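K.L.:
This is the structure, below, for whatever I ask next.
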Amino acid sequence: MGDKQVDCNTSSEWKPELKYDFDPITSDDEIVTVDLSGTPIQCLKKGDALQHKVKMARMIPDYRKHIPTIRNMEMDDDDVIICAFAKSGTHWLWEITSMLRNGNADYHGKEKTSAMFEFVPAEVLRASPKPRIYNTHFTPQGLPKQVFDRNCKILFLQRNPKDVLVSLLPFLQGHKFLDSAIKWDEFICKYMELEVESSLLNWFYYTRQWFEFLKEEHDNIYCMAYEDLKDDPVMEITKLAKFLEVGENTDLFKDIAVKCSFQNLKQAATSKVETFTINNKEAAKKITNFTYKKGEV
């Protein structure tokens, strides 16, 4: 079975920045096939993370080398990690947390992928200025080992899976991972049949891994729900501030709630196109448009 060559071009002039080396596939590597639209895609599997087995994979680090370095990455007691499945509000919570830690309602100067375990080498993440607020779609097994030896704080965010998948479909289509013609009914049927154990694709697998982990008591983990944050953002921001030990400031919490509304976040993201991991502003703007979807059923 041949590889599906994922076309990530969003303009006729844009050429992806293949900044990382990608070693040849060997017989020791695990290759899995993912089919969500009738066109199988072959992926390299490392742990429970997937990486497309195509040239475009060089846009991010080779997971065979990258994931072990993330697992062995040094952590500090005051580091914060936001953990959530894709399309569950990761960026929303990342901006809120950044504002709380910095004591103001200013947006972070970079796009959230600049602090994401999946996309950035460990040495670059470690070199970023404090306060460090990382984010990831990895399960607990993919987090740095020191997270559980230090006093790092973990924010685990969940969202109704129906809304997750409604938001996930246009996201995958926008990135050209799925045909734009695929209909919702076809997509959801394929998704429900998905068997690959991947934290980056399979919501059911991801959630089971976290629930199993959370059966043990962890004082450094704070669980949140997307729906609660949406229904009463000031209340949820207040509770989060208490967990983060940043002090109480009702006026600031209200300002943060306003600045982190859906429309304001989407508008702010367009001003960060120069910090995207791709090297084309127009392409980054288009990615922002299909990334920011409310995803409501």
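Bear in mind these aren't lab numbers, they're just calculated from the coordinates by the rules spelled out. What you see is a predicted model, and the numbers here were worked out from it, not measured in a lab. Methodologically, a virtual Cβ is constructed for each residue, glycine included, from the backbone with ideal geometry; neighbour enumeration extends over all protein chains shown.
K.L.:
Peptides 172-178, 245-251: what's the order by average Cβ count within 10 Å, highest mean first? All intermediate terms of the calculation are to be shown ahead of the outcome.
P.N.:
Details: 172-178: 18.3, 245-251: 11.0.
Ranking the peptides 172-178, 245-251 by packing returns 172-178, 245-251.
K.L.:
Using a basic spin-label model with each label point 7 Å from the Cα along Cα→Cβ, how many nm lie between ARG150 and ASP231?
P.N.:
Placing both labels 7 Å beyond Cα along the Cβ direction yields 3.5 nm.
K.L.:
Calculate, in nm to one decimal, what ALA268 and GLU248 gain on full extension: separation in residues at 0.36 nm each, minus their alpha carbon distance.
P.N.:
Separation in residues times 0.36 nm, less the Cα-Cα distance, equals 4.6 nm.
K.L.:
Mind listing the phi-derived Karplus ³J(HN,Hα) values for the range 38-44, rounded to whole Hz, using 6.51, -1.76 and 1.60 with θ = phi - 60°, and x for any glycine or proline?
P.N.:
x, 10, x, 10, 8, 10, 7
K.L.:
Here is a further query. For ALA225, enumerate residues with amide H under 5 Å from its amide H, sequence gap 5+ or separate chain, H modeled in the peptide plane.
P.N.:
Excluding prolines and chain starts, which carry no amide H, the hits are GLN158.
K.L.:
Taking θ = phi - 60°, what integer Hz values does the Karplus form 6.51 cos²θ - 1.76 cosθ + 1.60 yield along the range 142-150, in sequence order, with x for Gly and Pro?
P.N.:
With the stated coefficients, the range 142-150 comes to x, 7, x, 4, 5, 3, 8, 9, 9 Hz.
K.L.:
Ordered by residue, what ³J(HN,Hα) values in Hz, to whole numbers, does the range 251-262 give under the Karplus form 6.51 cos²θ - 1.76 cosθ + 1.60, where θ = phi - 60° and Gly and Pro are x?
P.N.:
4, 5, 4, 5, 4, 5, 4, 5, 5, 9, 5, 4
K.L.:
Still on this model: I'd like the distance separating the alpha-carbon centroids of the range 59-103 and the range 199-242, in whole Å.
P.N.:
The two parts, judged by their Cα centres, are 14 Å apart.
K.L.:
About the Cα centre of the range 81-125, what is the dipole size in debye to 20, counting +1 per Lys and Arg Cβ and -1 per Asp and Glu Cβ, all else neutral? Intermediate results must be reported in sequence, preceding the final value.
P.N.:
Values: 4 positive and 5 negative charges, 23 e Å.
Taking the Cα centre of the range 81-125 as origin, the dipole is about 100 debye.
K.L.:
Something else now. If amide H atoms are built 1.01 Å from N in the plane of the peptide, which residues on other chains or at least 5 residues away come under 5 Å of the amide H of HIS175?
P.N.:
For HIS175, no residues qualify.
K.L.:
Which pairs in the list LYS145/LYS230; LYS145/LYS266; LYS46/LYS190; LYS19/LYS230; LYS46/LYS176; LYS87/LYS130 are over 30 Å apart, alpha-carbon to alpha-carbon?
P.N.:
Exceeds cut-off: LYS145/LYS230; LYS145/LYS266; LYS19/LYS230.
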